[in-house]
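Scroll down for the structure; my scribbles are underneath it.
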Amino acid sequence: MKARRFLMSRMPEVHLRKIVQTDLPDLLRMVSALKEHHGDTTRLRLEALSRDVLGDAAWLMTLVAEVRGSISGYASFFSRARPFSPRCLHLHHLYVDPEMRGSGIGRRLIEASTDTARALECDYMVVGAAPNNHAAQAIYAACGFEAVPGDSSHLWKTVPPLLGDDEQNT
């Protein structure tokens, strides 16, 4: 119980929202940190990032977590659909600044991504996480993801539809 009280006292007030133009420098910083964490470097520039997350034909939907006026995390995702097949939301990136990890921001971003999947009428979600990234594997499992059979680097979960008023009252 003591640990839970400590965690609750650490939880900052978090505002989740869609990304806006003024968030791009922070997003670029976090994308670069995520790439570096995975042993990669980025050559991404603000103009390309703007095109990919805010442009008329944006490739990614992006939510940011704002804490005390600063961007402390983000989730980027895209929908995947094949005609007449189940719809999928692919959680492409999830990142929380190191000093904010363990505060619940990652879970809230995953939940908001799931809400987006539900609003888009997706049947399931998929996320990639290296098998040795135990922290990522644990948070995804805690949020209902399971390992894709035969693929240790991807997890998935179904996205139940919202119950309509008629279904909630039965």
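Work from the charge dipole of the range 74-141 (Cβ charges, +1 for Lys and Arg, -1 for Asp and Glu, about the Cα centre) and give the residue of 76, 127, 86 farthest towards its positive end.
86
Express in Å², to the nearest 10, the accessible area of residue 37 obtained by rolling a 1.4 Å probe over the protein heavy atoms while all chains stay in place.
Looks like 120 Å² after rounding.
Charges only on Cβ, +1 for Lys and Arg, -1 for Asp and Glu: so what's the dipole of the chain about the Cα centre, in debye to the nearest 20?
Dipole of the chain, to the nearest 20 debye: 520 debye.
Could you please put 52, 26, 40 in sequence from largest to smallest accessible area, using a 1.4 Å probe?
Most to least solvent-accessible, the answer reads 40, 26, 52.
Taking H placed 1.01 Å from N in the peptide plane, check which residues at least 5 places from residue 80 or on another chain put their amide H under 5 Å from its amide H.
Hits under the 5 Å cutoff: 88, 89, 90.
Enumerate the helices in the chain for which the Kyte-Doolittle hydropathy averages 0.0 or more and the C-alpha atoms extend at least 30 Å along the helix's axis, using complete DSSP H runs.
In the chain, no H run is both long and hydrophobic enough.
Ordering 61, 30 from largest to smallest accessible area (1.4 angstrom probe), what's the sequence?
61, 30
In the full protein assembly as shown, how much of residue 113 is accessible to a 1.4 Å probe, in Å² to the nearest 10?
Number for this one is 0 Å².
What longest region of the chain stays clear of trypsin sites (Lys or Arg not before Pro) that DSSP places outside H, G, I, E and B and that have at most 12 other Cβ atoms within 10 Å?
Free of exposed loop sites, the longest segment is 69-170.
Ignoring ligands and nucleic acids, what accessible area does residue 67 show with a 1.4 Å probe (Å², nearest 10)?
10 Å²
What stretch of the chain, leaving out the sites themselves, is the longest with no chymotrypsin sites (Phe, Trp or Tyr not before Pro) in a DSSP loop having at most 15 other Cβ atoms within 10 Å?
Segment 85-170 is the longest.
How long is the chain along each principal axis, judged by its Cα atoms, biggest number first, in Å?
48, 47, 36
The values are calculated or read from the model by the stated rules, or taken from the named source; none is laboratory data. All values derive from a computational prediction rather than experimental measurement. Glycine also receives a Cβ, built like all others from the backbone with ideal geometry; neighbour counts cover every protein chain displayed. Calculation scope for accessible area: heavy atoms of the full protein, side chains included, ligands and nucleic acids excluded. Shrake-Rupley method; radii C 1.70, N 1.55, O 1.52, S 1.80 Å.
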